[in-house]
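**Q** Here it is: the structure, laid out below.
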Amino acid sequence: MTSALAQPVLSADSLTKSFSTFTAVRGASIDIHSGEVVAIIGPNGAGKTTFFDLLTGRKIPDSGTVRIFGKDVTRMPPWRRVRLGLARSFQVSSVFGTLSALENVQLGIALAKRQAWHPFGLAVRRHRDHAAALLEEVGLADRLHLPAGKLSHGDQRSLELAVALSSNPRILLLDEPTAGMGVAESAECLEHISAITRKNDIPILFVEHDMSIVFSFATRIVVLAAGEVIMNGSPAEVRANERVREVYFGENL
Ligand SMILES: Nc1ncnc2c1ncn2[C@@H]1O[C@H](COP(=O)(O)OP(=O)(O)OP(=O)(O)O)[C@@H](O)[C@H]1O
Ligand SMILES: [Mg+2]
C-alpha cells in the first residue's frame, strides 16, 4: 500500500506551460507513488501530451517544479531524467523497423549503459539474454527475430515497452500505449504493463482514451480539462464526480 508520507517517485507541483498566448497546461500537480498505475484522461487537446512532455523534459514549464525522488529536475534534459529512472514511450511508434525485435531491445540496453560507441555487433552479443527476458515479459518471446517493421501494430507497441524497460526504469510514462490497437489487444497490452508494475514495483503513468481500459487497470485517475487537473482520485471517485461527468457528457463512465 502507498502511504501519504512516503516520498513520491515522481511529483509535479503547479506546472504551467503556454504556447504564445495559449496556455496548454495550467497549474497542474501530480504525485506518483510506488505501486500505482495512474491514468491521465481528458478530451482531445486537454494538455495530456504537453503535461507528459513537462514531466519527461521534452518541454520546460514556464513555472512549477518537477521532482524525481525529491530531486528537482524541472530544467534537466530528458536523457538525464532517464538516468534517474524515468522512462517513456511515445504516442507515435519509435522502433527501428529494419532491426529485429531482439536487436531493438539490445540496442536500448547498450544505450542505457552508455555503450552506444561500441560496435553494434558487440552490443548485440553482450545483451542478448537480458533483451530476450524483457521481450518475454511483454509477450514477444516467440517473435524475437522478426524485423520490428514486420510486427503487428500492437506488437510494436509491446516492443517499445520492452525498449523502455531496457533502461531499468523506476517509473514508466506511457502516452497512449494502446493507440491503434483493438479492444482485445489493448487489454492484453495493459495486462502485460500491470504485471510489470506488480513484479518490479515500477509505478506507471499512462494516457488513455479508452475508458474501459482506464477503469479496468488504473489504481488512480487524473482528469485534465483545458490544461487543468479537475479531478484526481480513485476510479470510483472519478466515476461519481459531477465535473468529470460534464466533461465526458454522453460517455458511459
Ligand atoms: N508546440 C505547440 N505550439 C502551440 N500549441 C501547442 C503546441 N503543442 C500543443 N499545443 C496545443 O496545446 C493544446 C494541448 O495539446 P496536447 O497535445 O497536450 O493535448 P492532448 O491532451 O495530448 O491531446 P490528444 O488527446 O489529442 O493527444 C492543444 O490545443 C494543442 O494545439
Ligand atoms: Mg496527446
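**Q** Taking 0.36 nm per residue of separation and subtracting the Cα-Cα distance, what length does fully extending SER234 through SER29 add?
**A** Using 0.36 nm per residue and subtracting the Cα-Cα distance, I get 72.2 nm.
**Q** Let me ask you something else. Tell me, what is a quarter of the convex hull surface for the C-alpha atoms of the stretch 94-168, in nm² with one decimal?
**A** 4.2 nm²
**Q** How much length is gained on full extension from LEU84 to SER63, taking 0.36 nm per residue of separation minus their Cα-Cα distance?
**A** Extra length from LEU84 to SER63 when fully extended: 5.4 nm.
**Q** When a/c reaches 1.5 or more, the comparison of a/b and b/c decides; with that in mind, is the stretch 105-231 rounded, prolate or oblate per its Cα gyration tensor?
**A** In terms of gyration-tensor shape, prolate.
**Q** May I ask what percent, to the nearest 5, of DSSP beta bridges between residues of the chain are antiparallel?
**A** The antiparallel fraction comes to roughly 55 percent.
**Q** While we're on this one: With the Cα gyration tensor of the chain in hand, give its eigenvalues times 5 under a square root as the equivalent ellipsoid semi-axes, listed largest first in whole angstrom.
**A** 30, 21, 16
**Q** Using the structure shown, select from LYS17/LYS113; LYS113/LYS199; LYS48/LYS199; LYS17/LYS199 the pairs with a Cα to Cα distance greater than 25 angstrom.
**A** LYS17/LYS113; LYS48/LYS199; LYS17/LYS199
**Q** Here's something else I'd like to know. Take every Cα pair under 8 Å in the stretch 94-168 that's 6+ residues apart, average their separations, divide by the length, and report that relative contact order as a whole percent.
**A** 47 percent
**Q** Normalised by the residues of the chain, what does the relative contact order come to in percent, with Cα pairs under 8 Å and at least six apart?
**A** Computed over the chain, the figure is 25 percent.
**Q** How many angstrom separate the Cα center of the stretch 8-29 from the Cα center of the stretch 188-253?
**A** Cα centres, the stretch 8-29 to the stretch 188-253: 19 Å.
**Q** Would you calculate, for the chain, the mean residue ellipticity at 222 nm contributed by helices, counting each DSSP H stretch of 4 or more residues as -39,500 (n - 2.57) and dividing by all residues, to the nearest 500?
**A** -10500 deg cm²/dmol
Values in this text are rule-based calculations from the coordinates and carry no lab data. Because the structure is a prediction, the values reported are computed rather than measured.
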